[in-house]
Amino acid sequence: MNKLNYTDLTQHEVEALQQEFNFTNAFPQQAQSPLQMDIIARLSELWLEAEQAKQQDLNNKFIEIFYTTRGLESALKPNNIMLHYSASIAIWQLKTLENSGPFKIPK
C-alpha cells in the first residue's frame, strides 16, 4: 500500500475520484433501486406538493411516519423527542438546557 502525503481532505478526494471505489465521501456511486427510480420519476409532482405545503406540516408528517414505521409511537408524545434540522441548532438547544437547569451534557 502506498502512503499518501496529502495535507487536506480535498487532495484525498481528488485522488479517490480516479479510483474504482471512492470511500472519501458519504454517497456511494451505485445504481438506483426500483423504488428510488419511482421517486425520481415523481420528483416534479413531489416538488409541487412540497411547494404548496407548510414546512411545519411536512415536518410533522415526517416525524409521524418515521417513528410509527419503526414501532416507536411513544416518541410521538409531546416533548418526547428532540428533532433539529441542523447540528448547530441542536447544540445550541442542548447548551441552553444545560445552562437553565439540572440537565447536564456528559463530557
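Every read-out reported here was derived from the displayed coordinates using simple, explicitly stated rules and does not represent laboratory data. All values derive from a computational prediction rather than experimental measurement. Glycine also receives a Cβ, built like all others from the backbone with ideal geometry; neighbour counts cover every protein chain displayed.
Shown here for the range 1-96: GluC sites (Glu not before Pro) in loop regions (DSSP other than H, G, I, E, B) with at most 14 other Cβ atoms within 10 Å, namely Glu20. With neighbour counts taken as other beta-carbon atoms within 10 Å, the residues Thr7, Thr68 rank, fewest first, as Thr7, Thr68. In the elastic network of the chain, a GNM with C-alpha springs shorter than 10 Å, the most mobile of Ser88, Ser44, Ser33 is Ser88.
The fraction of all Cα pairs in the chain landing in successive 10 Å bins from 0 to the largest distance is 10, 20, 27, 26, 16, 1, given as whole percents. Amide H contacts for Asn22 (H built 1.01 Å from N in the peptide plane; partners 5 or more residues away or on another chain; cut-off under 5 Å): Gln29.
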